[in-house]
Amino acid sequence: MGTDRFEIYKGPCSCGEGEYIVEECCPDHPWTKPHQKWYDRTITCSACRNEYSLEKIDGEIYPVLNSEKRKREAIREKWHDMIKKIKERFESEGHLEALERKIDSMPSMAAIYRELNPLVHFHYGLSTFRKHFKVSHTVKGWIEENIHHWHLKAVLKWLGREDPVLENLVREAKQLREDSQKNLPVIGPAICNIRN
Ligand SMILES: [Zn+2]
C-alpha cells in the first residue's frame, strides 16, 4: 500500500533561496477516512531548515523558530519529570496505600463510582466503570491508569490527608502542562490553510 500525495502549497522559504512545500497525504486505498490524512512539510533550503520548522497551528501552517520548538520540548521534559516526582511522593507518603485501602473497603462498585465521581468526573456510566475496573485487575492498577496529577488535590481531601509539598508539585505540574500546550510564536503570516 502506498501513499497519495497532493501538493497544496509551494512557495519561497524565508531567505528566498529554497522552497516551503506542504503536501496533503493519505493512504492510497479507496476507503480512506478523513482522520487518516496528514500533512508533510518540507523545507528544501538547508539554511532555513536549520532555523525554522513548518508547524500546524489552529488549522494553518506557519513557520516557527526551531529554538522555540526546543524550548517547548524542554518544558515537556520538565513536566514529565514533575509527574514522576509526584507519583513517587504520592507513594512514599503512604497516600497511594490509603487510597487503595479506602477503595477496597467500599461495599460495592456502585459505591466506589458514586464516591469517586465528584473527584475524577467520569465521562461514562457505572457499567463502563465496571469494565475499566475489570481490565485493570487490581485497585492499584486502576488507580495508576485513572488517577492523574490533576485529581490529587481532591483525592487528598477525600482521604482526609494533607500534603502541602505534594500540592505544590501538582500546581507546578499544572503550570508546566499549560505552558507546554501553548501555541508556538509564529514567524509572519500562515503560509497555507489546512482547515477542510
Ligand atoms: Zn531559505
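Only one of 42, 32 is surrounded by 13 or more Cβ atoms within 10 Å (Cβ to Cβ), hydroxyl-bearing (Ser, Thr, Tyr) and either more than 16 Å from the ligand (Cβ to nearest atom) or outside any loop (DSSP other than H, G, I, E, B) (or both). Can you tell me which?
42
Would you please name the residue that is nearest to the chain's Cα centre (by Cα), looking only at residues in region 1-29 that are of a type in the set (Gly, Ala, Ser) and near the ligand (Cβ under 9 Å from one of its atoms)?
Applying the filter and picking the extreme gives 14.
Consider only pairs whose beta carbons are under 9 Å apart and that are at least six residues apart or on different chains; among these, list those whose first residue lies in region 181-192 and is in contact (Cβ under 8 Å) with a residue 24 or more places away in the chain and whose second residue is surrounded by 15 or more Cβ atoms within 10 Å (Cβ to Cβ) and part of a loop (DSSP other than H, G, I, E, B).
Taking only residues 6 or more apart or on different chains, the pairs are 187/14; 188/14.
Please go through region 49-71 and pick out each residue that is assigned to a helix (DSSP H, G or I) and crowded, with 16+ Cβ neighbours inside 10 Å.
Correct list: 51, 68.
We did not get these values from a lab; they are worked out from the coordinates using the rules stated. Everything numeric in this text was worked out from a predicted model, so none of it was measured. All Cβ positions, glycine included, derive from the backbone under ideal geometry; neighbour counts span all protein chains shown.
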